[in-house]
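The values are calculated or read from the model by the stated rules, or taken from the named source; none is laboratory data. Being a predicted model, the structure only gives us computed values, none of them experimental. Neighbour counts run over all protein chains shown; Cβ positions are idealised from the backbone, glycine included. Just so you know, the surface numbers come from the protein's heavy atoms only, side chains and all, with ligands and any DNA or RNA stripped out. Shrake-Rupley method; radii C 1.70, N 1.55, O 1.52, S 1.80 Å.
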Amino acid sequence: MINKLLIPLLLILLAQPFTLAAKERVRMAVLAFDDPVKVRQRWQPTVDYLNQHLPQHQLVLVALRPHQVDRLVENQAFDFFIGNAVKTLQLKQRHGTSQLLTLKPLNGRNPALAVGSAVVMRANHQVDDWRALQSLQIVSVGQQAFGGFIAFWREIDQHGLSPLSDFPYLKFIGYPQSKLLHSVISGSADAAIVPTCLLESMEASNLIAKGELTVVLQQSSDSPCATSTQLYPYSALSALGHAEQALARQVTRLLLDLHPQDDAAVTGRYGGWTVPVDNREVYALLKDIQLWPFDLELTDFWPELLPYLAAIAALALLAYLHHLRVRALVTRRTAQLRQEIDDHRLTQENLEQQQRGFYKAQRVLLTGEMASGIAHELNQPLASIRYLTQGCQYRLESEVINKDELHQGLQRVGEQTERARQIIQKLRDFCAHNSEATAVDMVELVKDTLTLMAPDCRHNSCHIDLEYDQKTLIIQGDPTLLKQVLVNLMRNGMEAMQDQPKAERKLKVSLTSDTSWLTLKVQDKGPQISQEKLARLFLPFESDKPQGLGLGMTICKRIIEEHQGQIEACSCPQGLTLICRLPLRKAS
């Protein structure tokens with residue numbers, strides 16, 4: 001008999017754990033501005049009530065701070081949410097939650113007009129204008145308190161004020177709400193921003209003396225409690241999109257069946273649940289204070305943002321250190337490049353100075369090569385001077401002195417002396433003149449060079465013909481160096497014709513031009529040269545002269561190229577033609 005009774009009992013006991021284990025766990029989150037422990041104590045009876053009537057589900061209560069709600073809702077960490085109208089609206093807009101019910105306040109108040117702000121001061125202090133609060137010490141729980149600060153914010157915003165900039169003595173001292181009223185009683189604050197009905201509730205519970213505090217700036221309403229602002233809907237229950245619809249219907253039905261006398265309602269301090277009320281005023285509130293649709297207080301996120309901010313700061317520091325390193329490397333390399341540029345400039349200046357000295361030395365050598373012709377040219381004025389002076393001396397020794405003849409003789413001595421001076425001066429200018437770039441009339445420069453070369457031409461029995469366009473041929477260049485090129489080319493032509501009969505020693509110099517270039521040609525009548533010699537004509541130290549250095553044509557090529565020009569040689573059946581092309585100076 002005992003065995004027959006024990007077997008069913010054991011079966012029931014064994015089956016019970018499996019039944020409990022088979023229940024699906026469902027999380028119900030509650031927004032917690034106060035201590036989470038107190039929040040759980042308030043709402044646990046409601047969750048227990050639901051669990052008693054849900055055979056297949058086990059609800060688990062979770063108290064969450066505002067920033068925790070935003071993070072966990074992304075991960076679908078809970079299925080139902082109980083919170084104020086502001087947070088309910090934000091979840092609906094961002095995550096598509098569905099509002100199921102609205103909480104009924106105590107004392108039969110309208111759930112659509114249940115939440116607002118009351119500005120509480122000591123009874124012996126009164127204000128009748130919102131701007132009068134600016135100079136007062138005001139306390140509030142926090143910026144995210146809907147039934148306190150947020151409703152107050154919209155009210156002063158409608159009066160053209162900002163709570164954070166126009167109220168310098170506003171402080172947020174946190175929960176519990178009763179601390180705000182005690183601060184006003186103790187005199188540490190002039191006014192407190194509290195939820196509507198908090199003052200009346202504490203007076204009814206004898207937590208503060210009746211009549212010691214009062215609500216200022218009161219607005220008329222149907223609420224039994226005094227309010228300083230417009231009233232808004234009470235807290236609400238919402239279901240997330242992933243919650244089971246059947247479960248949501250069961251929860252809704254069970255909560256609607258709650259009565260104000262039930263333990264869950266008494267402990268939860270509410271009068272039951274009703275269908276969702278109109279929340280358009282909550283939309284309007286958030287838009288008016290420009291919080292739509294953002295979170296209301298970033299300080300709540302500070303503990304979780306701190307590691308990210310620290311990482312960003314570390315990266316910024318590393319980037320700054322890298323920037324300093326790169327800047328130091330760039331500065332050092334810039335200094336090195338600047339030094340290299342200075343060294344290169346100095347080297348270039350030294351090379352140019354040496355090149356000018358080299359050009360001058362070559363002009364001196366040319367002067368030496370022309371010395372015999374110049375000496376012969378000087379013999380004529382010197383001989384004339386000697387004969388003229390002897391004639392003057394004879395006339396002075398005669399008994400009759402003819403002053404006119406003496407004067408005429410001395411005048412001719414002066415003319416021959418000037419002629420000798422000009423020959424020497426031209427030679428001296430060619431040899432020692434400093435180089436400088438200027439506008440050069442090539443026709444005049446060639447004529448001047450022919451004058452300089454005239455003694456050498458006569459000495460070598462060479463005739464020079466000049467042909468040129470009847471127009472001004474101006475280039476930009478150094479006249480001394482250009483004259484050096486002409487002297488080199490003419491002397492090479494004359495030396496090439498030394499073995500020719502004197503009647504055939506003719507040198508032709510021509511100047512022509514097109515739109516942009518001037519062409520100078522020097523053509524001799526000497527023997528034809530081979531292509532091999534023509535290819536090596538402008539190479540240094542290549543010369544057929546016994547005493548030649550082989551640098552004349554190399555110098556000519558370098559000078560012409562310095563003037564952005566070109567030089568080339570063309571072999572003819574009789575003689576050689578040297579062609580120089582130089583850019584004409586552009587008209588200014």
Quick one: which of Lys447/Lys502; Lys104/Lys179; Lys92/Lys179 span more than 29 angstrom between C-alpha atoms? Lys92/Lys179
Percent of C-alpha pairs per 10 Å bin, the range 117-215, short to long: 16, 54, 27, 3
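Work out, step by step, the length gained on full extension between Val37 and Ser165: first 0.36 nm times the residue separation, then minus their alpha carbon distance; give nm to one decimal.
Contour length minus Cα-Cα distance gives 42.6 nm.
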Taking 0.36 nm per intervening residue step and subtracting the Cα-Cα distance, what contour gain separates Asp263 from Leu321 on full extension? 14.5 nm
Between Leu382 and Lys403, what FRET efficiency comes out of the Förster formula 1/(1 + (r/R0)^6) with R0 = 30 Å and r the beta carbon distance, rounded to 0.05? 0.70
Virtual spin-label span in nm between Leu309 and Gln470, 7 Å along Cα→Cβ: 9.3 nm
Using Cα positions and a limit of under 16 Å, work out the lysines in reach of Lys586, with same-chain residues fewer than 8 apart set aside. Lys471
Could you sort the peptides 236-244, 215-223 by per-residue average Cβ neighbour count (10 Å cutoff), highest mean leading? 236-244, 215-223
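Could you give the length gained on full extension between Glu74 and Asp278, defined as 0.36 nm per residue of separation minus the Cα-Cα distance, in nm? Before the final figure, lay out the partial values.
Details: separation 204, 0.36 × 204 = 73.44 nm, distance 2.66 nm.
Gain on extension, Glu74 to Asp278, equals 70.8 nm.
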Between the alpha carbon centres of the range 95-144 and the range 215-232 the gap in Å comes to 8 Å
On average, how much accessible surface per residue is there in the range 435-583, in Å², for a 1.4 Å probe, leaving out ligands, DNA and RNA? 50 Å²
